[in-house]
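A.B. asks: The structure is given below, and queries will be raised subsequently.
The values are calculated or read from the model by the stated rules, or taken from the named source; none is laboratory data. The structure displayed is predicted, hence computed values, not measured ones. So basically every Cβ, Gly included, is an ideal-geometry build from the backbone, and we count neighbours across all protein chains shown. Calculation scope for accessible area: heavy atoms of the full protein, side chains included, ligands and nucleic acids excluded. Shrake-Rupley method; radii C 1.70, N 1.55, O 1.52, S 1.80 Å.
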Amino acid sequence: MTLQMRTVHLDFHNSSLLENIGAQFDPESFAQRLLEARVESVTCFAKCHHGMIYYYTRLPARHPHLECDLLREQIAACHKVGIKVPIYISLGFDEEMAKLHLDWREVSAEGKLGGSTPLEAGWKKLCLNNDAYLSYVEEQIAELLSLFDVDGFFFDIVHQEECCCANCLASMEEEGYDPEISQERKAFAEKVLLRVKKRLSSFIWERKAASSVFYNAGHIAPGIRSSLKFYSHLEIESLPTGGWGYDHFPIVARYARTLDLPYLGMTGRFHKSWAEYGGYKDPSALEYECLRTIAFGASCSVGDQLLPDGRLDPIAIKLIGDTYETVAKYEPYFQGAKPTSEIGVVMPKPTEKIIDDALAGANRILGQAQYQFDLVDSRCDWSKYSVLLLPDRIELSREPAAKVAEYQQKGGKVLASYHSGLCQGEFPPGWPLEYLGESEFHPDYLMPGKEWQSLGQMPFVMHEPAAEIASESRWPAERWQPLFQRSRRHFSNHFHTPPQGPMGRPGAVCWGAGIYFAHPLFTIYRKHGSPIARKLVLAALKELLPEPLVVSNAPSTAQLLLNYQEREKRYCLHILHYVPERRSQLDLIEDPLPLVDLEIGLRISKPKRVYSLSGKVPAMEYKAGRAWIKIDKMVGRQLIVLEQ
């Protein structure tokens with residue numbers, strides 16, 4: 001399927017206590033305002049988190065103060081002007097059903113009901129392993145398909161905890177899961193989600209095959225692969241000031257774009273997060289977030305909310321419209337564009353954290369150095385990458401270990417650190433490394449060798465413990481030990497003990513097919529911002545990838561993303577320079593920042609024509625296999641097009 005480029009997710013969660021729902025809704029004005037804002041698709045609500053329904057339904061949960069057949073009028077008005085209307089259904093939260101059916105709620109292993117407590121203002125989490133509830137959802141889907149010309153469905157809160165309700169306990173025991181073991185409960189919860197997606201998608205597509213279907217859990221991780229066939233597309237919910245942060249979207253997008261489904265990136269117009277009445281993002285921030293989304297090959301979605309009386313927020317829709325006016329100019333350079341990635345960063349196994357520290361560190365180091373890279377799992381095609389990066393904790397089972405070996409046999413290079421590469425305590429055959437255990441010192445030090453002496457000839461502190469490694473291959477860096485391990489029995493100074501000298505263990509090992517670091521450098525960079533961690537990684541990449549696709553004199557705050565459009569035979573270089581700043585408890589963007597005297601070298605064949613979206617023709621010189629672009633000055637954003 002093809003996604004619309006400019007979309008809006010129009011939130012509409014209203015307690016039954018609110019009156020005059022939709023009383024001021026004007027269908028023609030609604031559609032016209034969206035059209036003027038260049039919106040091509042708007043997700044509208046059938047059922048919200050409160051369990052309230054927003055159309056004239058035969059089901060019992062119609063909002064008691066609904067003043068019009070709201071969803072019907074939204075769909076009719078938008079379709080009249082060519083705007084699509086996917087339908088939103090809250091799945092995991094339904095306050096009305098939670099109130100009527102206490103036994104439909106999730107139950108933790110400790111016996112606590114899922115979601116908020118009786119004395120909290122918040123949502124109650126329903127268990128999705130419940131045939132009665134899913135039948136209720138199917139009844140609503142069937143009704144919607146019979147009443148409206150449905151474009152698609154957006155199901156929200158599609159996640160399942162380690163539920164121990166009566167249904168789940170019975171199902172686990174029947175299917176051979178041990179409910180007393182947390183990992184077994186998690187595995188069963190994943191199975192429940194798979195069943196739910198299969199059930200609902202099959203129910204929809206049997207009745208309308210062209211309908212789009214998406215299941216939202218606020219994040220996309222490798223575990224989604226098992227259920228991808230039940231999605232028509234992907235949506236990356238990622239509001240930087242709403243808890244996701246500015247690192248989240250690029251990390252997830254770099255993985256999502258390898259999954260062969262169209263996808264969109266969803267930010268919000270809110271200053272902070274969802275349901276913020278009267279809070280508006282700075283225009284520069286929304287512009288950056290949308291242009292970054294396009295640069296990653298995703299369609300744009302901006303989260304907004306309809307006022308309870310049915311009116312669009314005039315400030316919000318103008319903010320979205322102004323941004324989408326800019327986005328529309330990029331559309332010719334968005335359609336069919338594919339990333340030109342040369343590094344594959346292997347994704348870690350899921351942890352309690354949404355984003356693994358090592359993965360976030362790798363994303364920052366590579367992005368700041370303008371490398372072109374994807375995030376991959378073991379089912380991706382690795383052959384197109386010149387370098388495979390395994391950050392810190394990518395321990396391998398037999399099958400991925402064999403795939404790494406095959407990748408290297410065909411000429412691929414590997415950069416690994418700490419526990420990455422280990423399979424049952426041993427490194428893959430061909431890696432000249434012996435794992436001896438964990439370091440007794442925390443922290444210890446790393447001294448660059450002669451070949452990396454430009455990094456500095458002093459022992460650098462490593463803020464996280466190392467793996468003890470033995471190797472007879474080349475050591476570009478050596479570990480140094482402190483005088484003693486700081487403890488309550490003996491310590492020196494405020495922080496840690498000074499270095500004593502070499503400990504006879506490698507800090508880095510280099511061989512023909514790869515480079516390995518004993519320390520978790522990517523975690524160190526993420527948690528401590530240590531400059532030497534970044535410099536060590538870049539020194540290794542310089543050896544493994546001496547001629548990267550993109551080189552420049554741009555600062556590390558600039559983002560350079562190079563895409564290629566096969567049909568048009570042209571490269572599209574997105575340059576973005578908006579820098580989040582910690583101005584409160586939030587990272588905020590309020591200003592596009594200038595870049596001056598910028599020089600960028602692209603390792604591509606000689607272009608026939610070079611131009612920019614701004615209309616100014618940049619200076620270009622082709623030498624030594626690179627197209628060198630010179631930009632005297634730009635502010636915030638620029639798109640350079642190089643036709644082949």
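A.B. asks: Give me the distance in nm between label points sitting 7 Å out from Cα along the Cα-to-Cβ direction at Lys542 and Glu426, one decimal.
C.D. replies: 3.6
A.B. asks: Related question: Once the piece of chain linking Leu194 and Glu325 is laid out straight, how much longer is it, given 0.36 nm per residue of separation minus the C-alpha distance between them?
C.D. replies: Between Leu194 and Glu325, full extension yields 43.2 nm more.
A.B. asks: To the nearest 10 square angstrom, what accessible area does Glu395 show with a 1.4 Å probe?
C.D. replies: Near enough 100 Å² of accessible area.
A.B. asks: Oh, and also: Select from Gly529, Val617, Thr323 the residue farthest towards the positive end of the dipole of the chain; place +1 on Cβ of Lys and Arg, -1 on Cβ of Asp and Glu, and compute about the Cα centre.
C.D. replies: After comparing all options, I get Val617.
A.B. asks: Principal axis extents for the range 408-462, Cα atoms only, whole Å, descending order, please.
C.D. replies: The Cα atoms of the range 408-462 stretch 36, 30, 13 Å along their principal axes.
A.B. asks: Among 576-585, 114-123, what's the highest-first ranking by average C-beta atoms within 10 angstrom per residue?
C.D. replies: Ranking, from highest mean packing down: 576-585, 114-123.
A.B. asks: If you don't mind, another one. Work out the charge dipole of the range 25-178 with +1 on the Cβ of Lys and Arg and -1 on the Cβ of Asp and Glu about the Cα centre, then indicate which of Met172, Thr117, Val81 is farthest towards its positive end.
C.D. replies: In the range 25-178, that residue is Val81.
A.B. asks: Under a no-solvent Debye model with one identical scatterer per Cα of the range 1-96, what's log10 I(q)/I(0) at q = 0.22 Å⁻¹?
C.D. replies: -1.12
A.B. asks: Another question, then. Taking the simple approach of a point 7 Å from Cα along Cα-to-Cβ for both Asp131 and Glu621, what is their distance in nm?
C.D. replies: 7.5
A.B. asks: To continue, here is another question. Sum -39500 (n - 2.57) across every DSSP H segment of at least 4 residues in the chain, then divide by the residue count to get the 222 nm mean residue ellipticity, nearest 500.
C.D. replies: Helix-only estimate at 222 nm: -8000 deg cm²/dmol.
A.B. asks: Still on this structure, I have one more. Can you tell me the orientation of helix 398-409 relative to the chain, as the angle in degrees between its alpha-carbon axis and the longest Cα principal axis, to the nearest 10?
C.D. replies: The helix 398-409 is inclined about 60 degrees to the chain.
A.B. asks: If you don't mind, another one. Excluding ligands and nucleic acids, what accessible area in Å² is computed for Lys384 using a 1.4 Å probe, to the nearest 10?
C.D. replies: 130
A.B. asks: Top to bottom by accessible area (1.4 Å), largest first, where do Asp282, Asp94, Asp632 land?
C.D. replies: Most to least solvent-accessible, the answer reads Asp632, Asp282, Asp94.
A.B. asks: Amide H of Glu235 versus every other amide H placed in the peptide plane: which residues, excluding those fewer than 5 positions away on the same chain, fall under 5 Å?
C.D. replies: Leu264
A.B. asks: Using +1 at the C-beta of Lys and Arg and -1 at the C-beta of Asp and Glu, which of Gln305, Cys290, Gly218 has the Cα lying farthest in the positive direction of the dipole of the chain?
C.D. replies: Cys290
A.B. asks: Compute the FRET efficiency between Lys338 and Tyr611 as 1/(1 + (r/R0)^6), taking r as their Cβ-Cβ distance and R0 = 25 Å, and round to the nearest 0.05.
C.D. replies: About 0.75, to the nearest 0.05.
A.B. asks: Check each of the GluC sites (Glu not before Pro) in the range 273-367 and keep only those in coil by DSSP with at most 10 other C-beta atoms within 10 angstrom; list them in order. Could the numbers behind the result be given before it?
C.D. replies: Working: sites: Glu276, Glu287, Glu289, Glu325, Glu342, Glu352; in loops: Glu276, Glu342, Glu352.
Within the range 273-367, the qualifying GluC sites (Glu not before Pro) (loop, at most 10 other Cβ atoms within 10 Å) are Glu352.
A.B. asks: I want to check the label-to-label distance for Arg474 and Asn493. Put each point 7 Å from Cα in the C-beta direction and report it in nm to one decimal.
C.D. replies: Roughly 3.3 nm, to one decimal.
A.B. asks: A follow-up question, please. Which semi-axis lengths, in whole Å and largest first, follow from the square roots of five times the eigenvalues of the Cα gyration tensor of the chain?
C.D. replies: 45, 33, 22
A.B. asks: Keeping all protein chains in place, calculate the accessible area per residue for the chain (probe 1.4 angstrom), answer in Å².
C.D. replies: Value for the chain: 42 Å² per residue.
A.B. asks: Write out the trypsin sites (Lys or Arg not before Pro) in the range 110-202 meeting two conditions: DSSP loop, and at most 14 other Cβ atoms within 10 Å of their Cβ.
C.D. replies: Lys112
A.B. asks: Also, I was wondering about something else. Taking the Cα centre as origin and putting +1 on Lys and Arg beta-carbons and -1 on Asp and Glu beta-carbons, what dipole magnitude results for the range 489-608, to the nearest 20 debye?
C.D. replies: Computed charge dipole of the range 489-608: roughly 420 debye.
A.B. asks: Just how much of Ser171 is accessible, in Å², when a 1.4 Å probe is used and the result is rounded to the nearest 10?
C.D. replies: 20
A.B. asks: Strictly over 19 Å apart at the Cα level, which of Lys191/Lys349; Lys413/Lys450; Lys84/Lys281 would you flag in this model?
C.D. replies: Cα-Cα > 19 Å for Lys413/Lys450; Lys84/Lys281; rest within.
A.B. asks: By the gyration tensor of its Cα atoms, with a ≥ b ≥ c the square roots of the eigenvalues, what is the shape of the range 495-644: rounded for a/c under 1.5, prolate for a/b over b/c, or oblate?
C.D. replies: Because a/c hits 1.5 or more and a/b fails to exceed b/c, the range 495-644 counts as oblate.
A.B. asks: Further, regarding this structure: What is the helix-to-structure angle for 27-36, meaning the angle in degrees between its Cα long axis and the longest Cα principal axis of the chain, kept from 0 to 90 and rounded to the nearest 10?
C.D. replies: The two axes meet at around 20 degrees.
A.B. asks: Pairwise over distinct Cα atoms, reciprocal of the mean inverse distance: report the Kirkwood radius of the range 100-246 in Å, one decimal place.
C.D. replies: Working: mean 1/r = 0.0597 Å⁻¹.
Every distinct Cα pair counted, the radius reaches 16.7 Å.
A.B. asks: To the nearest 20 debye, what is the magnitude of the charge dipole of the range 165-246 about its Cα centre, counting +1 on the Cβ of each Lys and Arg and -1 on the Cβ of each Asp and Glu?
C.D. replies: 480
A.B. asks: Then there's this: Using the Cα centre as the reference, give the magnitude of the dipole from point charges on the C-beta atoms of the chain (Lys, Arg: +1; Asp, Glu: -1; all else neutral), rounded to the nearest 20 debye.
C.D. replies: Dipole size: approximately 2120 debye.
A.B. asks: Now a separate question. At 1.4 Å probe size, with the rest of the protein present, what percent of the exposed accessible area of the range 514-644 is carbon and sulfur atoms?
C.D. replies: Carbon and sulfur atoms account for 48 percent of the accessible area of the range 514-644.
A.B. asks: Something else now. Report, in degrees rounded to the nearest 10, the 0 to 90 angle that the Cα long axis of helix 182-207 makes with the longest principal axis of the chain.
C.D. replies: Its long axis makes an angle of about 50 degrees.
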